[in-house]
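Here is the structure we will look at, set down as structure tokens.
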Amino acid sequence: MSVTAAAPTSGKPLVIANIGMLVSGILGAPLLDGDTLVVQDGIITGIGMAGDLQIPDGVAVIDAGGATVMPGMADNHVHPVFGDFTPRQKTVDFIESCLHGGVTTMYSAGEPHLPGRPTTPAGVKALALLAHLSFDNARPSGVKVHAGAVLLEPGLVEQDFEDLAQAGCRLVGEIGISGVKDPTEAAQMTRWAQARQMKVMVHTGGASIPGSGVIGADFVIEVQPDVAGHVNGGPTSLGIDDVVAILERTDARIEIVHNGNITMLGRIVDLARERNELHRVVAGTDCPAGSGVQPLGMLRVIASAASLGLIDGPTAVALATGNVADLHSDANGRLAIGAEADLLIVDAPLGSQAKTAMEALEIGDTLALAFAIIDGVIVVSKSRNTPPPMRSITFTAAR
Ligand SMILES: [Zn+2]
């Protein structure tokens with residue numbers, strides 16, 4: 001397992017030159033002008049045409065060769081345990097594998113796969129705290145894993161949420177997969193969590209694992225969470241009427257995931273586009289799960305969103321980048337001055353009928369990942385999981 005220390009920020013500047021397309025991750029302005037991006041001290045400090053930017057001498061350069069730069073993707077729905085191992089599918093290095101599929105940030109939807117997962121209030125609180133602190137201290141391959149999503153059990157009191165929030169836990173695991181099944185009780189705990197800026201997710205759709213329940217729009221409307229989790233199924237989808245009810249009667253984001261019904265994913269994205277509510281769509285994988293660990297899960301979600309949901313590639317990218325960062329108020333997921341430099345250099349995969357990365361998404365192909373960068377540090381220089389890029393992309397170390 002490759003586990004690196006927290007915050008691998010580098011003081012070394014980096015320039016990405018000869019960029020063919022700059023995909024911002026921001027809905028409404030998904031494409032930026034320019035061919036060059038400058039990174040210093042782990043943040044984006046310049047975006048524009050090479051001649052207009054201050055470029056330090058002797059800087060390391062990636063020549064993108066006309067390929068596309070986009071923000072690193074944030075998977076809004078993962079179920080980690082500790083380190084880069086999942087007992088759910090007995091898989092090591094699944095987080096590193098997802099990094100090689102373009103994921104630079106992950107948000108836990110709960111840590112239910114811990115063998116012997118405790119179900120007492122003290123136990124779930126301890127688990128959330130330990131998972132949060134553990135991933136804060138050890139970032140697998142540099143990936144930012146926000147874990148410690150408390151699973152709700154009867155008996156938790158308001159002070160428990162205060163304690164978790166004070167310790168830095170920002171998430172409540174998806175409601176419905178743990179002991180709290182009553183919507184009134186779930187709503188009370190949701191109020192306690194939201195009063196402390198914790199983000200609350202409700203599991204929706206069919207049952208996922210033994211012990212989880214079937215949850216429709218009524219439950220979501222009563223609880224008023226921040227996210228209606230995997231509305232296209234985890235793995236069994238809600239009906240379109242339920243999705244409409246959630247959009248109309250809550251302020252929750254709706255989440256689309258890989259571990260769901262892909263036909264419904266397309267219909268739900270199309271629905272959100274028609275209703276002008278794409279800003280409420282966030283993307284995730286729900287991995288690891290019964291359907292496995294999907295290193296290219298996020299790339300498949302955005303390819304499905306674009307090709308089946310009939311949105312353009314840059315808009316699909318925003319669902320997996322800026323939209324997720326907005327939900328969590330984080331400073332990555334966008335190409336913007338001052339944003340954390342979590343970046344991907346992507347291209348149409350060799351052999352694709354498409355000529356650019358965004359065209360590839362629009363015809364339903366997954367992207368080729370050439371480089372992944374986290375906090376300004378190159379963490380992938382050749383993906384071991386995607387096909388190679390169509391274009392030649394080269395790195396020159398600082399002189
Ligand atoms: Zn679920």
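Let's see how each residue does on (1) over 19 Å from Val223 (Cα atoms); (2) among the hydrophobic types (A, V, I, L, M, F, W, C); (3) surrounded by fewer than 24 Cβ atoms within 10 Å (Cβ to Cβ):
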site: Val92; (1), (2), (3): yes, yes, yes
site: Gly101; (1), (2), (3): yes, no, no
site: Pro115; (1), (2), (3): yes, no, yes
site: Pro118; (1), (2), (3): yes, no, yes
site: Pro121; (1), (2), (3): yes, no, yes
site: Ser134; (1), (2), (3): yes, no, yes
site: Ala167; (1), (2), (3): yes, yes, yes
site: Glu185; (1), (2), (3): no, no, yes
Query raised in the report: Would it be correct to say that Val377 is touching a Ser or Thr at 6+ places or on another chain (Cβ under 9 Å) and either modelled with pLDDT under 95 or more than 22 Å from Pro314 (Cβ to Cβ) (or both)?
Result: yes
Requested in this report: Name the residue, out of Val78, Val61, that is at pLDDT 95 or above and under 19 Å from the mean Cα position of the chain (by Cα).
Outcome: Val78
Query raised in the report: Among the residues of region 143-154, is there at least one that is within 16 Å of the ligand (Cβ to nearest atom) and either at pLDDT below 95 or more than 30 Å from Ile374 (Cβ to Cβ) (or both)?
Result: yes
Query raised in the report: Is it the case that Ala228 is outside any loop (DSSP other than H, G, I, E, B), away from the ligand (no atom under 16 Å from the Cβ), in contact (Cβ under 8 Å) with a residue 24 or more places away in the chain and among the aliphatic types (A, V, I, L, M)?
Result: no
Query raised in the report: Can you tell which of Asp347, Asp365, Asp342 is surrounded by fewer than 24 Cβ atoms within 10 Å (Cβ to Cβ) and not assigned by TED's automatic domain parsing to the domain that holds Arg300?
Result: Asp365
Query raised in the report: Counting residues that are of a type in the set (A, V, I, L, M, F, W, C) and touching a Ser or Thr at 6+ places or on another chain (Cβ under 6 Å), which helices (runs of 4 or more DSSP H) fully inside region 289-370 reach at least 1?
Result: 297-309, 357-362
Query - Search result, residues across region 240-255 that are in a helix (DSSP H, G or I) and basic (Lys, Arg) - result: Arg249
Report summary line: Of Ala283, Ala272, the only residue that is of a type in the set (Gly, Ala, Ser), assigned by TED's automatic domain parsing to the domain that holds Pro235, farther than 18 Å from Ala360 by Cα and outside any helix (DSSP H, G or I) is Ala283
Query raised in the report: Filtering region 233-281 down to residues that are aliphatic (A, V, I, L, M) and within 14 Å of the ligand (Cβ to nearest atom), which residue is surrounded by the fewest Cβ atoms within 10 Å (Cβ to Cβ)?
Result: Ile254
Query raised in the report: Mind checking whether some residue in region 191-203 is among the small types (Gly, Ala, Ser), touching a residue at least 12 places away in the same chain (Cβ under 8 Å) and within 11 Å of the ligand (Cβ to nearest atom)?
Result: no
Report summary line: Scanning region 68-106 for residues that are polar (S, T, N, Q) and farther than 19 Å from Ala318 by Cα, the one farthest from the ligand (Cβ to nearest atom) turns out to be Ser97
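The values are calculated or read from the model by the stated rules, or taken from the named source; none is laboratory data. This is a predicted model, so every value here is computed, not measured. In this analysis, Cβ positions are derived from the backbone assuming ideal geometry, glycine residues included, and neighbour counts consider all displayed protein chains.
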